[in-house]
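The values are calculated or read from the model by the stated rules, or taken from the named source; none is laboratory data. Everything numeric here is computed off the predicted structure, so don't read it as measured data. Using ideal geometry, Cβ is built from the backbone for each residue, glycine included, and neighbour counts are taken over all protein chains shown. Just the protein is used for accessible areas: all its heavy atoms, side chains included, with ligands, DNA and RNA removed. Shrake-Rupley method; radii C 1.70, N 1.55, O 1.52, S 1.80 Å.
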Amino acid sequence: GDILTGRVNQLTNFGAFIDLGGADGLAHISELSWQRVNHPREVLTPGQEVKVMVVEIDAERERIGLSLRRLQSNPWESIDQRYSLGQVVSGPVTNVAPFGAFVQIEEAVEGLIHASELDVDPQAQPRDLLQPGQIVTAKIISLDKQRQRMGLSLRRVGENDRGTTAEATA
């Protein structure tokens with residue numbers, strides 16, 4: 001729970017080693033940001049001074065676990081204040097998988113368009129319809145704050161919800 005200032009010592013594929021002034025701690029890649037991080041160099045540089053929270057001390061193995069992410073506010077804590085069912089949102093496709101496509105709605109918030117919600121054609125494959133980087137407009141069809149999941153639909157964008165039209169305004 002202590003908050004310390006340290007200096008980024010080394011970046012690896014799985015995280016960043018941070019010199020705390022006599023001891024090194026590891027901030028695992030999952031603890032660097034609320035946003036998806038493919039490599040620590042996306043958010044840190046060697047020699048950079050950072051504030052970290054101590055999240056684990058393993059005296060037996062002489063390891064200190066650190067987090068930068070836990071010092072930032074979790075965007076999912078207030079997700080229901082910014083988004084609601086039936087709302088139409090836009091963003092870039094970040095990843096396409098056989099089961100659907102992920103769309104970045106805001107920094108650190110992605111929604112999933114399940115394959116069944118991509119197109120009226122049930123045989124359509126996600127990779128045939130969408131590419132990473134492509135900007136799409138989709139409707140929010142589910143929102144689970146606790147599990148940090150947002151379900152999106154392309155095929156329902158034109159549908160009305162509760163008697164109101166869900167149109168994107170330019």
Sparse-neighbour loop sites [GluC sites (Glu not before Pro); segment 48-130; at most 10 other C-beta within 10 Å; DSSP]: Glu60, Glu62, Glu107
Within-12-Å neighbourhood charge of Val103 [Cβ basis; K, R +1; D, E -1]: -2
Length added when fully stretched, Arg7-Gln87, from 0.36 nm per residue minus Cα-Cα: 24.5 nm
Area of Thr94 that stays accessible when all protein chains are in place (1.4 Å probe, Å², to 10): 50
Rg [Å, one decimal], Dmax [Å, integer] - segment 75-153, C-alpha atoms: 12.0, 36
D (Stokes-Einstein, µm²/s), Kirkwood Cα radius, the chain, 0.692 mPa s at 37 °C: 181
Heavy-atom accessible surface of the chain: percent carbon and sulfur, 1.4 Å: 46
Debye log10 I(q)/I(0) for segment 3-71, one point scatterer per Cα, at q = 0.11, 0.20 Å⁻¹: -0.21, -0.70
Taking the chain and dividing mean pair separation by its residue count, relative contact order in percent (alpha carbons under 8 Å, at least six apart): 17
Farthest positive-ward along the chain dipole, Cα basis, beta-carbon charges - from Val55, Val37, Ser84: Ser84
Helix-only mean residue ellipticity at 222 nm for the chain, each DSSP H run of n ≥ 4 adding -39500 (n - 2.57), per residue, nearest 500: -500 deg cm²/dmol
